[in-house]
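The values are calculated or read from the model by the stated rules, or taken from the named source; none is laboratory data. A quick note: this is a predicted structure, and the numbers were derived from the prediction, not measured. Cβ placement follows ideal geometry from the backbone for every residue including glycine, while neighbour counts extend to all protein chains displayed.
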Amino acid sequence: MSLFKIKSVDSIVAESECAGQKLSRVLGSFDVTMIGIGAIIGAGIFAMVGAAAVKGNAGPSLIVSLIITAIACGFCALCYAELAAMVPIAGSAYTYAYATMGELIAWIIGWDLILEYAIGNVAVAISWSGYFNDLLRSLIGVDIPVWLRLDYHTFLLNGYDVSAVPHVFGVPIVVNLLAVSVTALITWVLVLGIKESTRFNSWMVGIKLLVLAVFIVAGFYYF
């Protein structure tokens with residue numbers, strides 16, 4: 001039964017105030033708002049919407065899907081808001097589960113979050129790799145070799161010849177270098193500190209909103 005032991009909110013708050021464990025409050029309301037906008041308007045709007053509308057044959061009905069998803073996300077946001085008000089401590093769903101459902105459930109949810117963010121970031125990095133290569137090709141005519149912008153599995157699925165790529169000690173060098181590079185860059189920014197990474201996030205969110213605004217304005221021409 002100790003696996004389902006619940007830690008009270010008072011205990012969690014007290015532990016968070018201990019020396020060496022208390023997090024500094026360095027984010028303002030603007031910073032938190034920009035983080036929220038960045039999370040809500042994810043990279044999927046650039047990578048998945050077009051594919052779903054065209055390749056997935058959804059067409060204009062995709063808008064209905066987005067509305068349904070927004071309603072579901074709204075309920076989820078209300079749940080998080082209530083939990084955050086009741087358990088005002090860092091830790092997100094892990095802390096909320098620890099205070100309500102026990103240690104085992106919190107442990108599972110904590111690892112679920114890690115896997116969720118890791119897998120989601122992989123998909124975004126791969127999508128970014130393709131877009132960045134297209135940008136280089138259109139701007140300066142540079143096309144990065146396919147064995148440096150695809151993973152090994154995708155490389156084989158697309159019918160490329162492994163024997164034509166460079167080998168090191170007999171091992172073919174096939175790696176999505178662009179995806180790895182952008183992941184390393186973002187990791188470095190995060191390691192710099194919360195202030196620096198938040199400032200970087202705010203700039204990126206601003207660019208993202210500007211791109212979407214241009215897309216919407218230009219889209220009215222074809223409406």
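Looking only at the stretch 1-23, how many residues end up being touching a helix residue (DSSP H, G or I) at 6+ places or on another chain (Cβ under 8 Å) and either of a type outside the set (Ser, Thr, Tyr) or within 26 Å of ILE194 (Cα to Cα) (or both)? Walk me through how you get there before you give the answer.
So the first thing to find is which residues in the stretch 1-23 are touching a helix residue (DSSP H, G or I) at 6+ places or on another chain (Cβ under 8 Å), and the list is 2-9, 12, 21-23.
After this cut, where a residue has to be either of a type outside the set (Ser, Thr, Tyr) or within 26 Å of ILE194 (Cα to Cα) (or both) as well, the list is 3-7, 9, 12, 21-23.
Qualifying residue count, the stretch 1-23: 10.
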Looking at the stretch 57-82, I want the residues that are without any contact (Cβ under 8 Å) to a residue 24 or more places away in the chain and at positive phi and have a partner that is among the hydrophobic types (A, V, I, L, M, F, W, C) and surrounded by 10 or more Cβ atoms within 10 Å (Cβ to Cβ) with Cβ atoms under 8 Å, at least 6 apart or on another chain. Which pairs are those?
GLY59/ALA53
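Okay, residues lined up against (1) in a helix (DSSP H, G or I); (2) under 17 Å from ALA184 (Cβ atoms); (3) touching a residue at least 60 places away in the same chain (Cβ under 8 Å); (4) of a type in the set (Gly, Ala, Ser):
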residue: ILE105; (1), (2), (3), (4): yes, no, yes, no
residue: TRP111; (1), (2), (3), (4): yes, no, no, no
residue: ILE119; (1), (2), (3), (4): yes, no, no, no
residue: TYR131; (1), (2), (3), (4): yes, no, yes, no
residue: SER138; (1), (2), (3), (4): yes, no, no, yes
residue: PHE155; (1), (2), (3), (4): yes, no, no, no
In the stretch 25-39, is there at least one residue being touching a helix residue (DSSP H, G or I) at 6+ places or on another chain (Cβ under 7 Å) and modelled with pLDDT under 80?
no
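Working carefully through the options TYR117, TYR80, find the one that is surrounded by fewer than 17 Cβ atoms within 10 Å (Cβ to Cβ), at pLDDT below 85, under 27 Å from MET48 (Cα atoms) and among the aromatic types (Phe, Trp, Tyr). Spell out how you get there, then give the answer.
On the way: TYR80 fails: at pLDDT below 85.
Answer to the check: TYR117.
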Could you list all residues from the stretch 140-163 that are more than 27 Å from the chain's Cα centre (by Cα) and either surrounded by fewer than 11 Cβ atoms within 10 Å (Cβ to Cβ) or closer than 20 Å to GLY50 by Cβ (or both)?
ILE140, GLY141, VAL142, GLY159, ASP161, SER163
Candidate set: the stretch 31-47, residues that are of a type in the set (A, V, I, L, M) and in contact (Cβ under 8 Å) with a residue 60 or more places away in the chain; chosen: the one farthest from ARG199 (Cα to Cα)
ALA47
